[in-house]
Amino acid sequence: MTRREEGEEELSEAQRLALLEDTVSTNRVVLMIIAVLAVVAISVAVTVAVVKLMQPDVTYVDSKSFAKLERDVGILKEAAIAYEQSMADTKNILDSSNATAFKALMLEQEKSYQLHLNALKQGMRDLARMVPGSRTWLDIYEEQMDEALAESRARMNRLSRLQTSALPDVEAIPLPDRGEPVPVLN
């Protein structure tokens, strides 16, 4: 039913105009709100699109694979700790073994051997001064003694480089200067 049928009075031109202006202003406010909401929605959509474009392509691991990798890392950490402990134990065994004592004994023996060879060499020089005749045998003897001393020094160097523990560095005993042979007069 319409208003006319209900018996209401007809509106005057001014009332209809006022009613029309109220409706237009309400429609204008509604359109403005819709326009503002559309601008906000468009800006949100553009922002989301830009963020998605800037986001790197990353594939994430599913939780089962990640859990398996975490278990593997845990196992590897435990193995690394066990290996480090084993290495420490091995080092302690090496440091406390007889190899260190044997090395020190061998180095002392080489020092003693070098002292003995030097004493023999000096004794032959002294003997050569007492014996008349040629000294070529003394030169040959000294060459052989020098060779034996060089071999002894090389053994000492090899022994000192062995890593049995932290022994002090060992130096070979320097030989005294070889003097000129004493001429013997017949």
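Pairs only if they're at least six apart or on different chains, beta carbon under 8 angstrom, first in segment 149-163 and more than 19 Å from residue 116 (Cβ to Cβ), second open to solvent by 90 Å² or more (accessible area, probe 1.4 Å) and of a type outside the set (Val, Ile, Thr); list them, first residue then second. Filtered contacts from segment 149-163: 160/169. Do we find a residue being surrounded by 10 or more Cβ atoms within 10 Å (Cβ to Cβ) and more than 30 Å from the chain's Cα centre (by Cα) anywhere in segment 61-73? Scanning segment 61-73, I find no residue that is surrounded by 10 or more Cβ atoms within 10 Å (Cβ to Cβ) and more than 30 Å from the chain's Cα centre (by Cα), so the answer is no.
Filter segment 94-137 down to the residues that are in a loop (DSSP other than H, G, I, E, B) and either at pLDDT below 80 or among the small types (Gly, Ala, Ser) (or both) and list them by number.
96, 97, 133, 134
Taken over segment 139-165, the criterion of being open to solvent by less than 100 Å² (accessible area, probe 1.4 Å) and either in a loop (DSSP other than H, G, I, E, B) or at pLDDT below 60 (or both) is satisfied by 162, 164, 165. You will find that of 91, 52, the residue that is closer than 30 Å to residue 153 by Cβ, charged (D, E, K, R) and modelled with pLDDT under 90 is 91 and no other. Of all residues in segment 41-48, none are part of a helix (DSSP H, G or I) and either acidic (Asp, Glu) or exposed (fewer than 10 other Cβ atoms within 10 Å of the Cβ) (or both).
Against the test of being of a type in the set (Asp, Glu), out of contact with any helix residue (DSSP H, G or I) (no Cβ under 9 Å at 6 or more places or on another chain) and surrounded by 11 or more Cβ atoms within 10 Å (Cβ to Cβ), the options 84, 108, 78 yield a single qualifying residue, 108.
The values are calculated or read from the model by the stated rules, or taken from the named source; none is laboratory data. Keep in mind the model is a prediction, meaning the values are calculated, not measured. Counting neighbours? That spans all protein chains shown, and the Cβs are built from the backbone with ideal geometry, glycine included. In case anyone asks, the SASA skips ligands and DNA or RNA and just uses the protein heavy atoms, side chains included. Shrake-Rupley method; radii C 1.70, N 1.55, O 1.52, S 1.80 Å.
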